[in-house]
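In what follows, a structure is listed as structure tokens, so that the remarks can point back to it.
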Amino acid sequence: MTPDSLLTIEEASKFLNVSKTSLRRWTKLGQLPCVRIGARQERRFKTSDLQSLLLEPPAVHTPAHKVPATGRLAPLDALDEAAAQSIPRHVCLHYRTPSELWALFLPYVKQHLERGAPMFYIHREGCGDEVIAELAALGYNAKELIAQGRLTLLEPSQAYLRDGRFSAQRMIEFMDAAIQEHARLGFGEMLIAGEMSWYLSGAEGVQEMIPYEDALNDMLLRYPDVTIVCQYDINRLSAEINLGAICSHTHVHMADRFVQGFYGK
């Protein structure tokens with residue numbers, strides 16, 4: 001290994017014995033140089049830069065954040081900070097209208113696609129064309145993303161309600177397998193999202209939805225670079241369900257605020 005050898009983020013993480021989240025944060029802050037390569041703009045790190053970091057570690061400080069009108073950290077920055085503290089990236093996003101849903105959700109989509117990370121989205125039944133149109137508005141061709149393995153679009157009947165029923169354990173296994181498959185294809189980061197109105201189907205097992213959300217947190221501890229955004233329609237889902245979501249997620253995103261959820265408190 002020469003000083004100019006380029007290491008992947010996985011190799012650099014092992015070299016320094018730090019998390020990949022820390023490496024990404026240091027590059028964003030300009031504390032660690034990196035080279036971007038390939039269509040996915042993946043990070044590569046010179047051995048010499050990593051060795052310099054060993055001799056003089058970055059100072060620990062709070063980075064500058066874009067702060068919304070509420071005075072709280074912007075959502076994506078807050079998730080990065082949480083992941084650095086081993087807190088799962090698990091968000092319940094509460095919305096009132098489809099336009100509000102996309103206004104809140106698009107920053108997650110844009111950030112991951114810009115980084116070359118894949119999106120796995122279980123959208124509302126019959127709304128696949130709406131998702132494709134929103135992606136087109138961002139300048140992305142959904143067919144190309146699907147062909148590249150960077151986009152998966154599913155109906156609830158293909159995921160949550162396979163065989164017309166819901167099983168929390170089966171769905172956890174389904175999500176885990178999707179993450180591992182994308183990792184096998186070379187993707188570290190990943191955005192998973194699910195619109196939760198399928199609960200209203202009354203299908204067998206839907207009462208396991210909130211326990212399923214609880215269990216996702218344990219799964220995400222194994223995947224610190226994966227973000228899951230669960231979307232709850234305030235107008236259609238009951239107050240009890242919306243409260244259950246707030247209590248089973250690490251973060252809560254609404255039109256006027258992004259705050260910590262009650263999971264783990």
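The values are calculated or read from the model by the stated rules, or taken from the named source; none is laboratory data. Since we're looking at a predicted model, the values are computed, not measured. Methodologically, a virtual Cβ is constructed for each residue, glycine included, from the backbone with ideal geometry; neighbour enumeration extends over all protein chains shown. These accessible areas exclude ligands, DNA and RNA; they are computed on the full protein's heavy atoms, side chains included. Shrake-Rupley method; radii C 1.70, N 1.55, O 1.52, S 1.80 Å.
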Counting only residues that are under 20 Å from Tyr160 (Cβ atoms) and of a type in the set (Gly, Ala, Ser), which one in segment 105-147 is most open to solvent (accessible area, probe 1.4 Å)?
-> Gly126
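Name every residue in segment 106-150 that is of a type in the set (D, E, K, R) and assigned to a helix (DSSP H, G or I), in order of residue number. Even if it seems obvious, please write down each step before you answer.
Going through segment 106-150, the residues of a type in the set (D, E, K, R) turn out to be 110, 114-115, 124-125, 129-130, 134, 143-144, 150.
Matches in segment 106-150: Lys110, Glu114, Asp129, Glu130, Glu134, Lys143, Glu144.
Assess whether Ile234 counts as being closer than 19 Å to Thr97 by Cα, β-branched (Val, Ile, Thr) and open to solvent by 20 Å² or more (accessible area, probe 1.4 Å).
Working: closer than 19 Å to Thr97 by Cα: yes; β-branched (Val, Ile, Thr): yes; open to solvent by 20 Å² or more (accessible area, probe 1.4 Å): yes.
Taking the combined requirement at face value, the residue satisfies it.
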Long-range neighbours under 9 Å by Cβ, at least six apart or interchain, first residue among the β-branched types (Val, Ile, Thr) within segment 198-224, second open to solvent by 10 Å² or more (accessible area, probe 1.4 Å) | Val206/Leu161; Val206/Arg165; Val206/Trp198; Val206/Tyr199; Val206/Leu200; Ile210/Ile241; Ile210/Gly244; Ile210/Cys247
Do you know which residues across segment 140-178 are among the acidic types (Asp, Glu) and more than 18 Å from Glu195 (Cβ to Cβ)?
-> Glu144, Asp163, Glu173, Asp176
Kindly indicate whether any position in segment 77-100 is exposed (fewer than 15 other Cβ atoms within 10 Å of the Cβ), at pLDDT 95 or above and under 20 Å from His251 (Cα atoms).
-> yes
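Which of the following residues is among the small types (Gly, Ala, Ser) and surrounded by fewer than 16 Cβ atoms within 10 Å (Cβ to Cβ): Ala239, Ala245?
Working: Ala245 fails: surrounded by fewer than 16 Cβ atoms within 10 Å (Cβ to Cβ).
The unique qualifying residue is Ala239.
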